[in-house]
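Report on the structure given below.
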Amino acid sequence: MLHASRSCLRALVLTATAMVALPVTSLPGGREACAQYGGAAGFAEVMAPYYLRRDLRIFEDGLALDAAQASVIETLFFNYEQAQSTARDEMMQAIEGLRDRLASLEREEQVRIIFEPFIAMARKWDEGRERFLQDVRVVLNEEQNRQWPEFLKRLRREKELPKGELSGESVDLILILKQLGISPAVERQLRPAIAAYADALDEALARRERQARDSRIALMSSMRDADHSTSLRIYREQLDLRTRVRNVNDDFIEVFALALPEELSEKYRTMALEQAYSKVFRPSAGYRVLEAATRLELEEERAARVAELFASFLAEYNSINGRYLEVLRRWEPREAAFRAEQAALPRETHRAPMADDARAVFTEREEMTRRYINMLQDMLTREEFLDLPGASRYYRSLENTPRAFGTDPAGADEAAKRKEKDRMNTPASRLGSSPPVPRPSTPR
């Protein structure tokens, strides 16, 4: 939403309000309301065409267009983009034409009038988008028109899925299946699940997109009129529909993992959750240090101790990640709703920020990781520890702690910097040939 919010401010403030030196705080609800609701209202979105010529590939593949059809539809893309560009220019001209009128009005009336060109632009944007699809269907043959409903599912997934704001909302589980490299036999086995996912995801995306389109004018109008209760209601509706899209993805991660052969099931679950919830499941810097230590070439006794340490760490790490996931899923929608509520209130009545429950679990995980890295340092020499990729960032935390290997840590910072800079040149003989350590497992 940050990009859309900045675009809202840029469009509303740097263009229209600059003509009359209207301060940001004079906008309805001030800077906070514009930042919070601007993305939901689609100010940035209507400034550019919804369909771009690069989307022609989706039409060619999804509808099996012949060369003549592709050429005609490419022309339709060009005409559509030109029409959208013209509408945007007309909007800017309309704003410019308001200069003399605005100068004689009160601030509140100025704001109301400035919003009108944006509302008119939003209407043209929606109409142009629908007209383009109608023009495309004229070019199609009978068989392609029968395929149109299924094609729209793919088109909607391509265009709408990336607009997610919650963790897990934008992940494409079908794409991850392709990344997994499943065989044709496995793909046939998964077809019922893939079809069910496509239907469920399309229903959720269609509802989210339809609500955003249908409420765009109402949200712009409520911002114009400083009708914060209406703005907040619309935003909450959008947030609920975003959560439903995320929930579809969460549910089908498990559906696909259970439907895959056993040797691919956990790999798929890990890939999907790492992409959906990278904050939680992407291996942390400390995790990578501890994992790398299990591949050092050590004498048998110390190698066993390091392996035992990592196994103990992994059990705690995975347990915390399971809680981290559940907390994050609850906290993100609540925090977004809280920010929207705050934006609707005068600054002097703002409440203290919400307690960041997700951050608290993240901090717990970091502290636990440092505790294990401290124990790892006691098992290794300074040279061995600093040879580990990324380990230098953790060395300073123990510079005043007695070292088990009996060395004075003086000069450790400089040594750490040298080791980190040269680690790519570390001789291969320093690394063992033990099998890779499993990545963090994920809760089912």
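All of the numbers you see were taken from the coordinates with simple rules; none came from a lab. A quick note: this is a predicted structure, and the numbers were derived from the prediction, not measured. No Cβ is skipped: glycine too gets one built from the backbone with ideal geometry, and neighbour counts run over all protein chains shown.
When each of the peptides 177-185, 205-213 is scored by the mean number of other C-beta atoms lying within 10 Å of its residues, the order from highest to lowest reads 205-213, 177-185. Normalised by 2.2 N^0.38 Å, where N is the number of residues, the C-alpha radius of gyration of the stretch 147-276 stands at 1.23.
In percent, rounded to a whole number, the relative contact order of the stretch 147-276 is 39, using alpha-carbon pairs under 8 Å and six or more apart. Phi angles of the stretch 87-97 translate, via the Karplus equation with coefficients 6.51, -1.76, 1.60 and θ = phi - 60°, into HN-Hα couplings of 4, 5, 5, 5, 5, 5, 5, 5, 5, 4, x Hz per residue; Gly and Pro are given as x. The H on the amide N of Leu296, modeled in the peptide plane, is under 5 Å from the matching H of Gly432, each at least 5 residues off or on a different chain. Overall, the stretch 147-276 carries a charge dipole of about 460 debye about its Cα centre when +1 sits on the Cβ of Lys and Arg and -1 on the Cβ of Asp and Glu, all other atoms neutral.
Residues of the stretch 123-166 with backbone nitrogen within less than 14 Å of a virtual label 7 Å along the Cα-to-Cβ line of Ala68, please, listed as ranges. 139-142, by backbone N distance to the label point. In straight-distance terms, cross-link reach from Lys163 covers every one of the aspartates and glutamates whose alpha-carbon lies under 18 Å from its own, apart from those fewer than eight places away in the same chain; here that gives Glu45, Asp55, Asp126, Asp172, Asp202, Glu203, Glu209, Asp214, Glu237, Asp240, Asp250, Glu332. For the stretch 246-339, the set of GluC sites (Glu not before Pro) satisfying both a DSSP loop assignment and a count of at most 13 other C-beta atoms within 10 Å is given as Glu297, Glu299. Cross-link pairs exceeding 24 Å between alpha carbons, from the set Lys153/Lys279; Lys153/Lys267; Lys124/Lys159: Lys153/Lys279; Lys153/Lys267. Think of each Lys and Arg Cβ as +1 and each Asp and Glu Cβ as -1; about the Cα centre, that makes the dipole of the stretch 75-231 roughly 420 debye.
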